[in-house]
Amino acid sequence: MRREADHHRLVAILAHHRRLAAATTLFSSTLRTARALNSLLTAICSSPAFLRIAPKVLLLAAPSVSPDATTFRILTSTLCQACRPAAAVDLLCCMPSLLLDPDSGSCRAVLSSLCEYAPAQDAAAFLDKMCHWGISPRRSDYHGVFSALLQEGMVAEAYEFMKNKMVSDGVAPALADLKLILQAFSDSAEFDFVEEVFDEILLRGLVPDVGLYNVYIGALCRKGDLAGARRMMACMEHAGCPPDVRTFSVVVAGCMSTGDMGTVRELVQQAMRRGLWWDPPALAELIGLLRAGGGATQAQEFLLEPLFVRDAPMLGQLIGALCKQGLLGPAAAVDD
């Protein structure tokens, strides 16, 4: 027993000092135990040659030494660090046949790596495997898969994942997640889904904040339902969530794109009666909205009116922003 302990210590020392060949020789000739295997693998996994050497060590260990849970934990962790999550999944799938249970920590690390380096649908499939192995995913695990689907532009799939997988597993979608879905459907002009998601928010008893209302109102404006957008502004008031300057910017840009300058002036005056002003950042955002909505011609004249501009410095900033967005020609000089 003392001799075996000495051999274990020697293997660990050799491996620690990168004497991998000597450590491997000692392991294969005299000390084939799971503990020695794991000591050797721990050192190998810190080496750039990991992917080349580790399989050879495992072959040397077989059939005398069966890998244990620690062995798999070492290997899956290293594969994730090497951005090879698919290989880590294959390893974890071998564990049940060896009567070993994948541990939750390794599974979550692999899932996180899949969300970052693999197709999002692979991450969703692995989440199902985790549930099959009796590992209950956390909210952060679901959110990782959901975000990966959105990042790949799979908006419908992300929405289905939220409705079917998350809800069926007892994970209620957060308002922030629903807002992301709402924005994604709005950006892709999937207006039927926009309505469905907004209705679901209300049916779930969630209280929209001003940011979410702005996303929904922006979708209505993109759809061309400017009357509906104005009605929703009134609904915000009744709900105790008054419109902010961005709300007005979204609707102003929508009306300006249709040439309804009368309504634009009415909205601007209404905003100012509420004490809302377009400071330089808000003006820059409004100009971007106007440019995206095709209201550049009207914007060039309207935004330079005294209704928007209160002082010379703001006028200078506004002209600069208009030039940057291509709504004016060469920058004009502004007298102080």
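Some observations on this one:
- Taken along the Cα-to-beta-carbon direction at a fixed 7 Å, the label points for A282 and A189 span 3.1 nm.
- Label-point separation, E237 to T258 (7 Å along Cα→Cβ), nm: 1.9 nm
- With a Förster radius of 45 Å applied to the beta-carbon distance between R265 and S136, the computed FRET efficiency rounds to 0.20.
- Modelled spin-label separation between C83 and L203, with each label point placed 7 Å from Cα along the Cα-to-Cβ direction: 4.2 nm.
- Cα gyration tensor category, rounded, prolate or oblate, for the stretch 223-286 with a/c compared to 1.5: oblate
No lab work stands behind these numbers, since they all come straight from the coordinates. Predicted model, so just to flag it, every value in this text is computed and none were measured. When we count neighbours, we look across all protein chains shown, and the Cβ atoms used for this are built from the backbone with ideal geometry, even at glycine.
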